[in-house]
Amino acid sequence: MLRMAGIRPLMAGALVMAGVFAGASTALAQVIYVRGNDANPETLDQHKTSTIAEANILRDLYEGLVIYSAKAEVIPGAAESWETSDDGLTWTFKIRDDATWSNGDPVTAEDFVFSYQRIMNPETGAKYANMLYPIKNAEKINKGEMEPGELGVHAVDDKTLEITLEQPTPYFLQLLTHQTSYPVHEASVEEHGSDFVKPENMVTNGPYKLVSFVPNDKVVLEKNPEFREADKVAIDRVEFIPFEERATCVRRFEAGEVLSCSDLPAEQLQSLKERLGDQVHVVPYLGTYYYALNNKTEKLKDARVRQALSMMVDREFIADEIWSGAMLPAYTFVPPGIGNYPGGGPEVEWADLDPLDKEDQAIALMKEAGYGPDNPLELEISYSAGENHKNTATAIADMWKPLGVNVTFNVRDGSAHYSHLRDSDDYEVARAGWIGDYSDPQNFLFLWESDNTGFNYSKYDNPEYDKLMDQAAAEGDIEKRAEILRQAEALLVEDAAVISMLYYSSLSLVSPRLKGWEDNLQNAHASRWMSISE
């Protein structure tokens, strides 16, 4: 089935609604977008999701109060308008009269009340719940200290939603573009429980609805005829194909079997540019590629060990030679160019040292900690499948040899890798990446708060760091807030809780037949904005 081109004639069959289209002529071709995706989705429950691969799909299935345009600008979604109180604490949203679920039910303010209470309910187990902590009482509810009904989200009437915040939050509207802010259909959740995500049960309010989900094969969506702007959705059917091996997506793209790839093998970047020209899109991306060092393990408890490991990583070599210039070297965790961070991140004193001096200092730190060639440190690097990740891990293992570090590898597919990081402490060094959900340093630095059990893969626990993050959350002045966040990031670097390695670019292949694709910093490309030419 994957050998079909982007547009193919309508055929009889369970997945193409044969009864509806019986007798269709070739003039009634179904427009199909076969798109490469980063990985197999672990879940399609918007309150339990955490990966880019899932976001790409959920962005097609649901519509939040606000959404990203094709250029990743924040625009009205299920809400047609909103206003804020003078003190910035109360946001009032007007839900569209024609906002409708795929089963015909109207989208109401109460849907959002139910949804936001659900994600904050600790019984839901939402790893991303802390993203919505700016909402009044959200954190206390999520920690089991208050009841979900006490959340600062209320339905004034069927079409008016009021959200009260703990303090003015300059990036609040951007938070609502994230997939965890999408509503769930209350009746479906109550009837089916966690099975509401199955194709036969799922009710969506976005431009598409779920048709099938075959793990490690594909996720199929079809246009939601109840969507308020269904007449503006040009693509009838979207098939998301997971590609752990980026080169496989490239081969299928060149064969005309997929119309876009969401990532590329960096080592082939130059060759791809030569063969495919402007079909190769290399775009600045708000993200950081890093190695989490499990601070709780006996081997990595000592900050001197972590610092030595970080100092020995040759970021320039990895960026230029392994990632073919598609990434930039990173010494701090918050990427440059981010909003609300005047002055940028802290300086890293050893970053510009001569490589030999850097190595001498790193070896000395390891010796002080009791390790060296005579007493080697055995470490395991865990990473998700993919040639670029493999090459990076192999290079780092070589870089660590002068420290007396012996490395073994543990490779899993993407969804298994990340679920292991979230649900287990049983790893030592783990590759990970973080793509900013909104352009604010808080979205990167909150990962390392001690109570962020979902994403603090390093198990970093520093009360001083937590205190600085709390102070920043309470500071309304952008300049003062940036200085506090800078102090927090400096502490993160000093403790070497994590090895910041590379700043991302997004790498995509886009067919010239795919119209409406707009490069953007968030790398968000909802199918609803696109069309396909013959």
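The values are calculated or read from the model by the stated rules, or taken from the named source; none is laboratory data. Only a predicted model underlies this, so the values are computations on that prediction, with no experimental measurement involved. Methodologically, a virtual Cβ is constructed for each residue, glycine included, from the backbone with ideal geometry; neighbour enumeration extends over all protein chains shown. When the accessible area is computed, the model is the full protein with side chains, heavy atoms only, and any ligands, DNA or RNA have been set aside. Shrake-Rupley method; radii C 1.70, N 1.55, O 1.52, S 1.80 Å.
What the phi angles of segment 433-444 give under the Karplus curve with 6.51, -1.76 and 1.60, with θ = phi - 60°, is a coupling list of x, 10, 9, x, 7, 7, 8, 7, x, 4, 5, 9 Hz, glycine and proline written as x.
With helices as the sole contributors, the chain gives -7500 deg cm²/dmol at 222 nm; each DSSP H run of n ≥ 4 counts as -39500 (n - 2.57), and the sum is divided by every residue.
Entry note, the chain: relative contact order of 20 percent, from Cα contacts under 8 Å with a spacing of 6+ residues.
Of the beta bridges in the chain, as assigned by DSSP with both residues counted there, near 75 percent are antiparallel. Taking amide H as placed 1.01 Å from N in the peptide plane, Ser212 has its amide H under 5 Å from the amide H of Val220, each at least 5 places away in sequence or on another chain.
So if I place +1 on the C-beta of Lys and Arg and -1 on the C-beta of Asp and Glu, and nothing else carries charge, what would the dipole magnitude of the chain be about its Cα centre? I want it in debye, nearest 20.
Charge dipole of the chain: 1660 debye, to the nearest 20.
Restricting to DSSP loop positions (anything but H, G, I, E, B) with no more than 15 other Cβ atoms inside 10 Å of their own Cβ, which GluC sites (Glu not before Pro) remain in segment 211-252?
Working: sites: Glu222, Glu226, Glu229, Glu239, Glu244, Glu245; in loops: Glu226, Glu229, Glu244, Glu245.
Here the GluC sites (Glu not before Pro) that fit, given the DSSP loop and packing criteria, are Glu229, Glu245.
Positive end of the dipole of the chain (Cβ unit charges, origin at the Cα centre): among Thr84, Tyr457, Gly193, the Cα lying farthest that way belongs to Gly193. Starting from the Kirkwood radius over alpha-carbon pairs of the chain, derive D by Stokes-Einstein at 37 °C in a medium of 0.692 mPa s and give it in µm² s⁻¹. The diffusion coefficient I find is 135 µm²/s. Taking 0.36 nm per residue of separation and subtracting the current Cα-Cα distance, fully stretching the chain between Thr160 and Ala395 would add 79.1 nm.
Please state the shape class of segment 228-296: rounded when a/c is under 1.5, otherwise prolate if a/b exceeds b/c and oblate if not, all from the C-alpha gyration tensor. Verdict is oblate for segment 228-296. Charge dipole of segment 301-342 (Cα centre as origin; +1 on each Lys and Arg Cβ, -1 on each Asp and Glu Cβ, all else neutral): 300 debye, rounded to the nearest 20.
Calculate how many DSSP beta bridges within segment 309-445 are antiparallel, expressed in % of all such bridges and rounded to the nearest 5. Antiparallel bridges: around 10 percent, rounded to the nearest 5.
Spherically averaged projected area of the convex hull of Cα atoms, segment 447-512: 6.9 nm². A run of the chain free of exposed loop cleavage sites, with trypsin sites (Lys or Arg not before Pro) counted only in DSSP states other than H, G, I, E and B and at most 16 other beta carbons within 10 Å, reaches its longest extent at 302-512. Backbone N atoms of segment 386-402 closer than 20 Å to the 7 Å Cα→Cβ label point of Thr297 belong to residues 386, 389-402.
Take every DSSP beta bridge whose two residues both sit in segment 364-491; close to 10 percent of them are antiparallel.
Among the GluC sites (Glu not before Pro) within segment 121-205, those in coil by DSSP and having at most 10 neighbouring Cβ atoms inside 10 Å are Glu200.
With no solvent and one equal point scatterer per Cα, compute the Debye intensity ratio I(q)/I(0) for segment 368-415 at 0.17, 0.25, 0.29 Å⁻¹ and report its log10, rounded to two decimals. Relative scattering, expressed as log10 I(q)/I(0), comes to -0.52, -0.86, -1.02. Taking amide H as placed 1.01 Å from N in the peptide plane, the amide H of Gly325 sits under 5 Å from that of Asp320, each at least 5 places away or on another chain. When the Cα positions of Leu173, Ala72, Pro106 are compared along the charge dipole of segment 32-175, Ala72 comes out farthest toward the positive end, with charges on each C-beta of Lys, Arg, Asp and Glu. Rolling a 1.4 Å probe over the protein heavy atoms of the chain, with every protein chain left in place, gives an accessible area that is 48 percent carbon and sulfur.
Among the GluC sites (Glu not before Pro) in segment 326-397, those placed in a DSSP loop whose Cβ has at most 13 other Cβ atoms within 10 Å are Glu347, Glu349. Assign one of three labels to segment 167-223, namely rounded, prolate or oblate, based on the Cα gyration tensor with a ≥ b ≥ c the square roots of its eigenvalues; rounded applies when a/c is under 1.5, prolate when it is not and a/b is larger than b/c, and oblate otherwise. Prolate shape, in that a/c is at least 1.5 and a/b is the bigger ratio. Rounded to the nearest 20, the Cβ-based charge dipole of segment 392-509 about its Cα centre (Lys and Arg +1, Asp and Glu -1) stands at 520 debye. For segment 221-355, the average shadow cast by the Cα convex hull is 13.7 nm², which is a quarter of the hull's surface. Starting from one equal scatterer on each C-alpha and no solvent at all, send me the Debye-based log10 I(q)/I(0) for segment 148-290 at q = 0.09, 0.17, 0.18 Å⁻¹, two decimals. Debye intensities relative to I(0), on a log10 scale: -0.48, -1.21, -1.25.
Each of Leu492, Tyr438, Ile532 was scored by the projection of its Cα onto the charge dipole of segment 415-534, and the greatest displacement toward the positive side belongs to Ile532; charges sit on the C-beta of Lys, Arg, Asp and Glu. Determine the shape class of segment 305-433: with a ≥ b ≥ c the square roots of the Cα gyration tensor eigenvalues, call it rounded for a/c under 1.5, and otherwise prolate if a/b is greater than b/c, oblate otherwise. Cα axes put segment 305-433 in the oblate bin.
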